[in-house]
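Take a look at the structure set out below.
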Amino acid sequence: MQFIRKLPIPKDIKEMYPLTEKMKEVKEKRDSEIKAVFEGTSNKFLLIIGPCSADNFDSVLDYIARLRLVEDKVKDKIIIIPRIYTNKPRTTGKGYKGMLHQPDPNEKPDMLKGIISIRNVHAAALRDYSFSCADEMLYPENYRYLSDLLSYVAVGARSVENQQHRLTASGLEIPVGMKNPTSGDFNIMMNAIIAAQSKHTFLYRGWEVMTEGNKNAHAILRGYTDYTGRDASNYHYEDLLKLSELYGKMNLQNPSVIVDTNHANSGKKYLEQIRIANEVTHSCRANNDIKKLVKGLMIESYIEDGAQSIGEEHIYGKSITDPCLGWQKTEELIYEIAERL
């Protein structure tokens with residue numbers, strides 16, 4: 001293990017790239033509105049939507065500018081939380097690991113540039129478009145670099161069993177979604193939620209820290225891989241009823257779920273996200289318990305349909321990780337969801 005350089009602590013980075021008072025006010029208001037959905041005092045529906053990975057500053061902000069125009073038309077029913085996912089888990093450890101590692105996917109990793117880049121892209125979304133966004137907590141110790149910018153965090157399927165992720169989630173003041181593991185075991189996901197909603201004392205960034213528990217930690221259903229290696233879905237009516245029953249048996253606060261329309265739920269067939277979104281909203285209309293439980297959807301979408309490989313002739317606004325729904329279909333889907341609510 002070669003130690004390249006000591007990186008600045010989050011406090012130093014925040015002082016170098018501070019928020020304005022206006023940005024702080026916008027985030028505080030959005031945090032309150034989003035928490036109200038999970039706490040059941042708001043009937044609005046959440047759409048956590050955006051590229052699989054935030055790979056390019058200009059195209060990500062272009063996409064978010066488009067979302068701003070759409071949210072202004074559906075804001076009576078929907079709260080849009082853009083996905084700016086800046087660090088990506090890789091099943092084998094190979095491949096593009098996100099803007100945190102490589103601000104430019106065609107250049108070698110540079111973690112210092114990466115930390116500055118991810119702060120800048122999240123800050124631009126908040127400053128220029130009044131969006132506080134979502135990111136994935138791949139590295140629990142890095143959350144503090146963005147803690148004043150984020151309004152939602154997801155813990156991935158490969159991280160949800162990890163003790164440090166669970167305990168760190170218990171100390172966040174924003175909603176944290178705990179995905180079901182790749183095995184699909186609901187009990188593992190529910191145990192993660194219990195841990196995240198509980199008080200803890202543990203080691204974090206070289207400090208002994210104490211947390212009060214995160215009452216807005218909740219489930220994310222993303223499908224799973226069965227024993228034969230095939231993708232299997234868990235967004236159906238029966239799956240949502242099963243989860244509602246599990247919540248009913250446990251002493252957990254604010255029972256909630258976000259349904260991930262891509263990943264194993266769609267078999268990474270990005271066009272299936274449209275059908276899945278429609279099925280989930282239909283289940284909400286058919287059963288009041290499901291309607292109370294389902295707080296929103298997670299959708300992978302970008303400017304262009306599909307995905308491309310790094311090194312190909314680059315297409316602006318096309319994913320370089322998982323395939324995404326293109327903008328035209330995304331806009332139509334958001335309006336369709338609003339009509340169904």
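The values are calculated or read from the model by the stated rules, or taken from the named source; none is laboratory data. These figures come from a predicted structure and were not determined experimentally. Reconstructed Cβ throughout: ideal geometry from the backbone, glycine too, with neighbour counts over all protein chains shown.
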Sole miss for I78 among (1) among the β-branched types (V, I, T); (2) crowded, with 23+ Cβ neighbours inside 10 Å; (3) in contact with a helix residue (DSSP H, G or I) (Cβ under 6 Å, 6 or more places away or on another chain) is condition (2)
Note on region 67-108: residues among the basic types (K, R) and under 20 Å from A277 (Cα atoms) are K73, K75, K77, R83
Those residues of region 292-338 that are acidic (D, E), farther than 26 Å from H218 by Cα and part of a helix (DSSP H, G or I) come to a total of 2
Could you tell me whether region 82-97 includes any residue that is within 25 Å of V259 (Cβ to Cβ) and part of a strand (DSSP E or B)?
yes
Query raised in the report: Quick one: is Y227 surrounded by fewer than 17 Cβ atoms within 10 Å (Cβ to Cβ), more than 13 Å from K295 (Cβ to Cβ) and touching a helix residue (DSSP H, G or I) at 6+ places or on another chain (Cβ under 6 Å)?
Result: no
For region 133-148 the number of residues that are touching a His at 6+ places or on another chain (Cβ under 8 Å) and either small (G, A, S) or part of a strand (DSSP E or B) (or both) is 1
If you go through L167, L172, the only one that is in contact with a helix residue (DSSP H, G or I) (Cβ under 9 Å, 6 or more places away or on another chain), in a loop (DSSP other than H, G, I, E, B), at pLDDT 95 or above and at negative phi is L172
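Results for (1) within 30 Å of N288 (Cα to Cα); (2) in contact with a helix residue (DSSP H, G or I) (Cβ under 6 Å, 6 or more places away or on another chain); (3) not in a loop (DSSP other than H, G, I, E, B), shown as yes or no for each residue.
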site: P8; (1), (2), (3): no, no, no
site: K14; (1), (2), (3): no, no, yes
site: K29; (1), (2), (3): yes, no, yes
site: S32; (1), (2), (3): yes, no, yes
site: T41; (1), (2), (3): yes, no, no
site: A54; (1), (2), (3): no, yes, no
site: S59; (1), (2), (3): no, no, yes
Exercise. Would you check if there is a residue in region 103-125 being within 18 Å of the chain's Cα centre (by Cα), assigned to a loop (DSSP other than H, G, I, E, B) and either among the acidic types (D, E) or surrounded by fewer than 23 Cβ atoms within 10 Å (Cβ to Cβ) (or both)?
Key: no
For region 186-224, the count of residues that are surrounded by fewer than 15 Cβ atoms within 10 Å (Cβ to Cβ) and within 22 Å of Y270 (Cβ to Cβ) equals 0
Flagged in region 175-189 as assigned to a loop (DSSP other than H, G, I, E, B), out of contact with any strand residue (DSSP E or B) (no Cβ under 7 Å at 6 or more places or on another chain) and not charged (D, E, K, R), in numbering order, are P181
Picked from region 81-102 (must be among the hydroxyl-bearing types (S, T, Y) and crowded, with 19+ Cβ neighbours inside 10 Å), the residue farthest from E141 (Cα to Cα) is Y85
Among (1) outside any strand (DSSP E or B); (2) free of Cβ contacts under 8 Å to residues at least 24 places away in the same chain, L203 falls short only on (1)
Practice task
Report yes if some residue within region 306-327 is among the acidic types (D, E), at pLDDT 95 or above and more than 19 Å from the chain's Cα centre (by Cα); otherwise report no.
Solution key: no
Note: among S183, S266, S244, S233, just one is buried (at least 24 other Cβ atoms within 10 Å of the Cβ) and either touching a helix residue (DSSP H, G or I) at 6+ places or on another chain (Cβ under 6 Å) or over 30 Å from K29 (Cα atoms) (or both), namely S266
Does at least one position in region 280-298 carry a residue that is among the hydroxyl-bearing types (S, T, Y) and at pLDDT below 95?
no
Counting only strands (runs of 3 or more DSSP E) wholly inside region 206-282, the ones holding at least 3 residues that are within 29 Å of A338 (Cα to Cα) are 217-221, 257-260
Scanning region 175-189 for residues that are aliphatic (A, V, I, L, M) and at positive phi gives none
Of the residues in region 8-29, those that are β-branched (V, I, T), under 26 Å from I80 (Cβ atoms) and surrounded by 12 or more Cβ atoms within 10 Å (Cβ to Cβ) come to V26
**Prompt:** For region 209-229, does any single residue satisfy the condition of being within 21 Å of R119 (Cα to Cα) and either modelled with pLDDT of 95 or more or not hydroxyl-bearing (S, T, Y) (or both)?
**Reply:** no
